[in-house]
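> My questions all concern the structure below.
Rule-based calculations on the coordinates, nothing more; no lab input. Keep in mind that what you see is a predicted model, and the values were worked out from it rather than measured. Here the Cβ positions follow ideal geometry from the backbone for every residue, glycine too, while neighbour counts run over all protein chains shown.
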Amino acid sequence: MISLNSKALLDTPISDFVIPAEKVAHVQIGNSAEHALLVLTKTGYSSIPVLDTKYRLHGLLGMKMITEAILGLERIEYDKLHNIKVDDVMESDIVHLKINDTFQRALDLVINHAFLCVVDEEGTFAGILTRRVILKQLKKYIYQVD
Ligand code: 2BA
């Protein structure tokens, strides 16, 4: 059974907690794997969204996807980086949130995903919701009721 207080939190719209698109590191469709590797290394994030020029969400790209693509039989073939496109190696079948989704849906999903991309009513990328932000809200809630 869900208490009234918990229900209020679970029903809260995620829009209150989204890290806005302009603060999210991303790569674009058509970018080379070399560029993506630079962005991932410089930002320090293990995985970031892939968008197009109209800010539509196409997938996620992580360091592992790039290294796997350039892994030869005996060595890492760095020279391949330039010719591989982000679109060739990204994960395109991704779970995402809509801006009007509730905290409850986000909570269920962050168990298996470190972050979730969020799209607005027009399908444009609005930002991300991270596990960290969700845990912070949960912590706030637990300390208030205890
Ligand atoms: P990871 O890069 O694997 O990061 C895991 C956690 O490590 C992050 O959890 C955060 O607490 C910390 N962390 C990593 N890099 C950081 C950095 N450059 N600055 C500050 N803290 C850093 P969350 O904050 O819950 O993020 C979960 C995942 O969301 C990250 O996984 C990353 O894939 C993505 N992410 C978070 N913020 C992002 C942003 N501004 N742009 C792009 N992706 C972001």
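> If I ask for residues that are assigned to a helix (DSSP H, G or I) and either more than 14 Å from the ligand (Cβ to nearest atom) or out of contact with any strand residue (DSSP E or B) (no Cβ under 6 Å at 6 or more places or on another chain) (or both), which ones from segment 34-49 would you list? Write out each step before concluding.
We begin by selecting, within segment 34-49, every residue assigned to a helix (DSSP H, G or I); these are 34-43.
Correct list: 34, 35, 37, 38, 40, 41, 42, 43.
> Ok, one more. Do you know which of the residues in segment 89-146 that are hydrophobic (A, V, I, L, M, F, W, C) and assigned to a loop (DSSP other than H, G, I, E, B) is farthest from the ligand (Cβ to nearest atom)?
Among those residues, the one meeting the criterion is 99.
> Is it fair to say residue 88 is within 18 Å of residue 62 (Cα to Cα), more than 14 Å from the chain's Cα centre (by Cα) and surrounded by fewer than 20 Cβ atoms within 10 Å (Cβ to Cβ)?
Numbers: within 18 Å of residue 62 (Cα to Cα): yes; more than 14 Å from the chain's Cα centre (by Cα): yes; surrounded by fewer than 20 Cβ atoms within 10 Å (Cβ to Cβ): yes.
Yes.
> Select from segment 11-33 the residues that are surrounded by 17 or more Cβ atoms within 10 Å (Cβ to Cβ) and more than 16 Å from the ligand (Cβ to nearest atom) and list them in ascending order.
33, the sole residue that qualifies.
> Please find, within segment 88-117, the residue that is farthest from residue 25 (Cα to Cα) out of those that are touching a residue at least 60 places away in the same chain (Cβ under 8 Å) and in contact with an Asp or Glu (Cβ under 8 Å, 6 or more places away or on another chain).
So the residue we want is 104.
> Every residue in segment 46-59 that is surrounded by fewer than 16 Cβ atoms within 10 Å (Cβ to Cβ) and over 23 Å from residue 77 (Cβ atoms), please.
52, 53, 54, 56
> Next question, about the same structure. When you go through 124, 130 one by one, which is the residue that is surrounded by 11 or more Cβ atoms within 10 Å (Cβ to Cβ), under 11 Å from the mean Cα position of the chain (by Cα) and among the hydroxyl-bearing types (Ser, Thr, Tyr)? Steps first, please.
Details: 124 fails: under 11 Å from the mean Cα position of the chain (by Cα).
The conditions single out 130.
> Scan segment 52-75 residue by residue and report those that are part of a strand (DSSP E or B) and not charged (D, E, K, R).
We begin by selecting, within segment 52-75, every residue part of a strand (DSSP E or B); these are 56-62, 71.
Scanning segment 52-75 gives 57, 58, 59, 60, 61, 62, 71.
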